[in-house]
Amino acid sequence: MDIELSIIAATRFLREHKINPEIGVVLGTGLGNAFLEEVQVIETIPYNQVPHFPIATVTSHKGQWVYGIMHKKKVLIMQGRIHYYEGYSMNQVTLGIRIMKQLGVEHLLISNAAGNLNPEWHHGELMLLTDHINLQPDNPLRGRNPALTPRFPDMSAPYSIKLNNLLQTIAKKKKIKLHEGVYAAVMGPNLETRAEYKYLRTIGADVVGMSTVPEVLVANQVGLPCCAVSVLTNDAITDKPHQVALEEILEVAAGAEKKLTALFSELIKMIK
Ligand code: HPA
């Protein structure tokens with residue numbers, strides 16, 4: 001499928017539904033119920049109604065666009081993201097980000113669930129991404145260069161310093177612990193072996209997950225300032241084998257949703 005055609009067709013469809021957002025949000029695994037409660041929803045559109053748009057195949061991801069108002073700002077939310085491990089191409093994985101840019105989104109807020117590699121941190125806490133290590137086997141910027149965006153986008157600061165500073169100010173005010181660190185993106189879908197978790201820590205990662213980085217690469221390429229927050233769903237570095245179950249990840253994500261919602265809600269209020 002031609003990426004430019006997909007962007008045009010999907011964007012046209014959403015424009016026909018009068019979707020005209022300022023802020024984009026991607027909600028990660030098990031995250032979203034609390035956040036969506038704060039949105040005055042105008043329209044909900046399942047992904048399968050949008051031309052060329054992939055369908056979220058993971059049960060913990062709903063798979064719909066939610067458009068609404070939050071603090072008088074027009075917000076477009078991807079409730080459920082598309083992952084590479086589902087079998088989609090990187091162009092499909094990141095189509096939503098390119099559509100958001102075309103629709104006029106000026107700031108992008110991303111959340112995800114991630115395994116904790118930092119021995120001083122604990123599951124249930126949050127981490128603000130300041131950098132990442134991309135270990136995924138494909139790259140959404142490979143190949144044709146849609147809309148003449150840069151061929152070699154700079155990655156010295158992939159996460160907006162302005163948005164990150166605002167989030168830290170909000171976290172302090174609300175007494176929410178918000179670590180800062182490095183996210184390693186792996187392909188998945190299997191969780192890591194104990195040796196792989198140790199390796200990821202050794203190369204400088206604080207958390208590991210299966211998403212986010214393709215979205216951030218595209219956001220940077222198209223000049224869309226973004227920030228991303230990880231919910232640490234499991235402490236991954238352990239001496240004894242500890243099985244990681246999806247149920248556990250979802251339970252911890254649900255427990256941390258309120259904090260994440262408080263941060264994102266206030267950020268949306270403060271973004272100028
Ligand atoms: N590894 C990779 N992705 C994850 C993990 C993990 O331990 N936890 C939540 N997402």
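Excluding same-chain neighbours fewer than eight residues apart, the aspartates and glutamates reachable from residue 72 by a Cα-Cα span under 18 Å are 22, 37, 38, 43, 106, 266. For region 225-272, the dipole from Cβ point charges (+1 on Lys and Arg, -1 on Asp and Glu) about the Cα centre works out to 380 debye, to the nearest 20.
Output the pairs from 101/258; 18/101; 74/101 with a Cα-Cα distance over 18 Å in this structure; if there are none, say none.
On the way: 101/258 28 Å; 18/101 15 Å; 74/101 14 Å.
Beyond 18 Å: 101/258.
For the pair residue 180 and residue 22 in one chain, pulling the backbone fully straight at 0.36 nm per residue adds 54.3 nm over the alpha carbon distance.
Between residue 248 and residue 157, the modelled labels are 3.9 nm apart [label points 7 Å from Cα along Cα→Cβ].
Other residues whose C-beta falls under 11 angstrom from the C-beta of residue 228 contribute a net charge of -2, scoring Lys and Arg +1 and Asp and Glu -1.
Toward the positive end of the charge dipole of the chain, with +1 on the Cβ of Lys and Arg and -1 on the Cβ of Asp and Glu, the farthest Cα among 219, 66, 267 is that of 267.
For residue 107, the residues whose modelled amide H falls within less than 5 Å of its own, excluding neighbours fewer than 5 places apart on the same chain, are 24. All other residues whose Cβ lies under 12 angstrom from that of residue 94 are scored, Lys and Arg at +1 and Asp and Glu at -1, for a net of +2.
If I take every Cα pair under 8 Å that is 6 or more residues apart in the chain, average their sequence separation and divide by the length, what percent do I get for the relative contact order? Mind showing how you got there, number by number?
Working: 542 pairs, mean separation 71.9, N = 272.
Worked out over the chain, it gives 26 percent.
Once the Cα atoms are used to define both axes, helix 3-16 deviates from the longest principal axis of the chain by about 70 degrees.
Here the chain is treated with +1 on each Lys and Arg Cβ and -1 on each Asp and Glu Cβ, and its dipole about the Cα centre works out to around 860 debye. A Gaussian network model of the chain, with springs between Cα atoms under 10 Å, assigns the largest mean-square fluctuation among 112, 91, 190 to 190.
Given R0 = 41 Å, the distance between the Cβ atoms of residue 106 and residue 194 translates into a calculated FRET efficiency of 0.45. For region 119-272, a crude dipole built from +1 on the beta carbon of Lys and Arg and -1 on the beta carbon of Asp and Glu, taken about the Cα centre, is about 680 debye to the nearest 20. The length gained by stretching the chain between residue 12 and residue 69 to full extension, at 0.36 nm per residue less their Cα-Cα distance, is 18.4 nm. Distance between the C-alpha centres of region 188-236 and region 1-51: 23 Å, rounded to the whole angstrom. Restriction of the trypsin sites (Lys or Arg not before Pro) in region 124-221 to DSSP coil positions whose beta-carbon has at most 14 other beta-carbons within 10 angstrom yields 142, 144, 151, 174, 175, 177. Model label points for residue 172 and residue 270, set 7 angstrom from Cα along the Cα-to-Cβ axis, are 0.9 nm apart.
Relative to the longest principal axis of the chain, what angle (0 to 90°, nearest 10) does the C-alpha long axis of helix 246-270 take? Tilt of helix 246-270: around 60 degrees. In nm, to one decimal, how far is the residue 138 label point from the residue 48 one, both placed 7 Å along Cα→Cβ? Output for this residue pair reads 2.2 nm.
Every read-out reported here was derived from the displayed coordinates using simple, explicitly stated rules and does not represent laboratory data. Not measured: the values here are computed from a predicted model. Counting neighbours? That spans all protein chains shown, and the Cβs are built from the backbone with ideal geometry, glycine included.
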